[in-house]
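Let me begin by presenting the structure, written as structure tokens, before commenting on it.
The values are calculated or read from the model by the stated rules, or taken from the named source; none is laboratory data. Small disclaimer: the values here were computed from a predicted structure and weren't measured. In this analysis, Cβ positions are derived from the backbone assuming ideal geometry, glycine residues included, and neighbour counts consider all displayed protein chains.
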């Protein structure tokens, strides 16, 4: 990979800023200054320094977690020590891809791969997420049409891509927008209170029979 990309993925700076560091003669490989921004390096290379400080690219890791209710999707929180990070190995450091609110459970991907995080969270990619919602009263069959037609929230028109009623009190909803507490708010506008909300799929990923609070390690090719 290009040296600038290596530095960016290692968290030194943005790729553009990394190129500026290279041109300024602040990057060395094996003790030698490198000013060519087209220089290629290996991901496993361990003889690169920036301003005299060694730079090593961490192995990219991918964890699929079945987030329990009561845990927050944050690396740290001064008001709540039940963060999802506590359920995973301490090293290497990872961050949640997207979010699930504290009262929701289910599939959550965590990684240190910034490129993947971008591909899964940027709105232009429209990655679909599937949820099962259990509500407080019997569902009217008209809910399916209303959710697919769309409901106006503060961000704009919120629309479900697919809706399927599972029983009198539960339905499966597929969305791609991913606004804050979107499904709870959509159903709230229709007069329903969501008592349980579980994400069971995101893109190609499926929660399957992974137990609550447990995780499994994935390979990149199984995610995209």
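Structure summary
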| quantity | calculated |
| --- | --- |
| Some residue of segment 100-114 being within 18 Å of the chain's Cα centre (by Cα), more than 16 Å from residue 204 (Cα to Cα), assigned to a strand (DSSP E or B) and touching a residue at least 60 places away in the same chain (Cβ under 8 Å) | yes |
| Flag if residue 93 is surrounded by 15 or more Cβ atoms within 10 Å (Cβ to Cβ) and either out of contact with any strand residue (DSSP E or B) (no Cβ under 8 Å at 6 or more places or on another chain) or outside any strand (DSSP E or B) (or both) | no |
| Test: residue in segment 15-22 that is surrounded by 15 or more Cβ atoms within 10 Å (Cβ to Cβ), part of a loop (DSSP other than H, G, I, E, B) and not assigned by TED's automatic domain parsing to the domain that holds residue 213 | no |
| Residue 165 vs. criteria in contact (Cβ under 8 Å) with a residue 24 or more places away in the chain and under 28 Å from residue 88 (Cβ atoms) | no |
| Verdict on residue 86 being surrounded by 13 or more Cβ atoms within 10 Å (Cβ to Cβ), within 30 Å of residue 105 (Cβ to Cβ) and out of contact with any strand residue (DSSP E or B) (no Cβ under 6 Å at 6 or more places or on another chain) | no |
